[in-house]
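Novice: Below are the structure tokens for one structure; questions will follow.
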């Protein structure tokens, strides 16, 4: 009987089964299950010194030391900088700029720390070409081209860097395993050994993983439970802007974002994101809201186009806003403002296509829709913050103080918000004109120069 065992593993979520299925029973993805050959399990050595549980008061608490990545936006997402001994997973689609940002960061970090850059997908010559294009400077930066895990670990131990980069984990293989590089079992095994190496030697390790790749390559979802920090690098081929978003962070807050712009000579950080997502023109169908991503507030334009429909069913299209959220807002407008929208197409988009999950944008969406419908510009130099309840009430949201502060910093003169606490209102009376409203009807009457009629609009 053969010692080799065959198993079927979903390359999307890592679920193992004893037989093949066309559809994964866990994540419901099609054609993602691949047969893999399991080798013999590695024998774990028994440690000579056994560890014992100790009381909390005997544990020494040390302040977390960090060193900068060279980018303030990158440091923000990491929680303040790179922590020695931490393992960071940077995910993103191929071609989005993952290798570019880590190579730029490696050059900046090498000015003060020892850095090792392991390239498993490109040759040394290819990395050198990108380096010259980026026009970077370095002091103590070493490049190592290798795909064998054992050789990579030996080189890391030999150099003992403060910061090590693996580009990428899908291209590395453990020669003790018979499965192909990029498979779930290979990715798990390689990541686990690299993690142990980083923890034992207090090395900050950054691992690059592809979110999507051709067939056999697994995405980084299977690694999220192993690492300390998970970061997604997002963007598209049309826009030059890139978003760095934290999904998991053991050393800081989650869902923080950093914004970059892809230029010919590499990535440039955007220190004032409100400038790229807003337009100060006062035109119909466009409003401004203040949203929060993590602890960071910034302004985003909301654009609406409402037009007479030519279809039996009116079209509802959104970019950057949930379509279900739009349907709810339209229902609130019909019920509590008295405007029939069933004969109108409605298109809603955010400035720059930025995705807003903050419900405080509801009021801005509603005002932009009504502004476009009547072709009336909203209140000039204004911002709208508030969540719409199904009863038509405008409800308070989190971080309202920071949002008002951001509006005042940007020079916004008028802001429409839900009812505030007395002390909060007094703190901003001299900086910005705050209009407190309790329902959608009050917001409409105040925000538009002409009152919206409650009758059906032809």
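Novice: Mind counting the residues in region 373-409 that are surrounded by fewer than 17 Cβ atoms within 10 Å (Cβ to Cβ), part of a loop (DSSP other than H, G, I, E, B) and under 23 Å from the mean Cα position of the chain (by Cα)?
Specialist: Within region 373-409, residues that are surrounded by fewer than 17 Cβ atoms within 10 Å (Cβ to Cβ), part of a loop (DSSP other than H, G, I, E, B) and under 23 Å from the mean Cα position of the chain (by Cα) number 1.
Novice: Are any of the residues in region 150-171 over 29 Å from the mean Cα position of the chain (by Cα) and surrounded by 18 or more Cβ atoms within 10 Å (Cβ to Cβ)?
Specialist: yes
Conditions (1) more than 20 Å from residue 68 (Cβ to Cβ); (2) at pLDDT 90 or above; (3) under 13 Å from the mean Cα position of the chain (by Cα); (4) buried (at least 17 other Cβ atoms within 10 Å of the Cβ), marked per residue:
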position: 215; (1), (2), (3), (4): yes, no, no, no
position: 220; (1), (2), (3), (4): yes, no, no, yes
position: 229; (1), (2), (3), (4): no, yes, yes, yes
position: 259; (1), (2), (3), (4): no, yes, yes, yes
position: 266; (1), (2), (3), (4): no, yes, no, yes
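Novice: Another one. Inspect region 327-337 for any residue being farther than 21 Å from residue 442 by Cβ, assigned by TED's automatic domain parsing to the domain that holds residue 373 and either touching a helix residue (DSSP H, G or I) at 6+ places or on another chain (Cβ under 8 Å) or modelled with pLDDT under 95 (or both) and give the result as yes or no.
Specialist: Checking region 327-337: not a single residue is farther than 21 Å from residue 442 by Cβ, assigned by TED's automatic domain parsing to the domain that holds residue 373 and either touching a helix residue (DSSP H, G or I) at 6+ places or on another chain (Cβ under 8 Å) or modelled with pLDDT under 95 (or both).
Novice: Identify, by number, the condition in (1) within 17 Å of the chain's Cα centre (by Cα); (2) buried (at least 18 other Cβ atoms within 10 Å of the Cβ) that residue 304 doesn't meet.
Specialist: Result: residue 304 fails condition (1) only.
Novice: Tell me, please, whether a residue that is in contact with a helix residue (DSSP H, G or I) (Cβ under 9 Å, 6 or more places away or on another chain), more than 28 Å from residue 405 (Cα to Cα) and touching a residue at least 12 places away in the same chain (Cβ under 8 Å) can be found in region 238-247.
Specialist: Yes, there is a match, as at least one residue in region 238-247 is in contact with a helix residue (DSSP H, G or I) (Cβ under 9 Å, 6 or more places away or on another chain), more than 28 Å from residue 405 (Cα to Cα) and touching a residue at least 12 places away in the same chain (Cβ under 8 Å).
Novice: Then there is this: All but one of (1) surrounded by fewer than 19 Cβ atoms within 10 Å (Cβ to Cβ); (2) under 30 Å from residue 246 (Cα atoms) hold for residue 283, so report the exception by its number.
Specialist: Here residue 283 clears every test but (2).
Novice: Looking at 363, 341, 370, can you tell me which residue is part of a loop (DSSP other than H, G, I, E, B) and touching a helix residue (DSSP H, G or I) at 6+ places or on another chain (Cβ under 9 Å)?
Specialist: Answer to the check: 341.
Novice: Something else: Could you tell me which numbered condition residue 321 fails, if it satisfies all but one of (1) in contact with a helix residue (DSSP H, G or I) (Cβ under 9 Å, 6 or more places away or on another chain); (2) free of Cβ contacts under 8 Å to residues at least 24 places away in the same chain?
Specialist: (2)
Novice: Please indicate, with yes or no, whether at least one residue in region 296-318 is touching a helix residue (DSSP H, G or I) at 6+ places or on another chain (Cβ under 6 Å), closer than 18 Å to residue 371 by Cβ, in a loop (DSSP other than H, G, I, E, B) and outside the structural domain of residue 236 (by TED's automatic domain parsing).
Specialist: Scanning region 296-318 turns up no residue that is touching a helix residue (DSSP H, G or I) at 6+ places or on another chain (Cβ under 6 Å), closer than 18 Å to residue 371 by Cβ, in a loop (DSSP other than H, G, I, E, B) and outside the structural domain of residue 236 (by TED's automatic domain parsing).
Novice: If residue 226 passes every condition in (1) under 28 Å from residue 405 (Cα atoms); (2) in contact with a strand residue (DSSP E or B) (Cβ under 9 Å, 6 or more places away or on another chain) but one, which one does it miss?
Specialist: If we test residue 226 against (1) under 28 Å from residue 405 (Cα atoms); (2) in contact with a strand residue (DSSP E or B) (Cβ under 9 Å, 6 or more places away or on another chain), just (1) comes out false.
Novice: Would you say residue 316 is in contact with a strand residue (DSSP E or B) (Cβ under 7 Å, 6 or more places away or on another chain) and in contact (Cβ under 8 Å) with a residue 24 or more places away in the chain?
Specialist: yes
The values are calculated or read from the model by the stated rules, or taken from the named source; none is laboratory data. Please read all numbers here as calculations on a predicted model, not as lab measurements. Glycine gets a Cβ as well: all are built from the backbone with ideal geometry, and neighbour counts include every protein chain shown.
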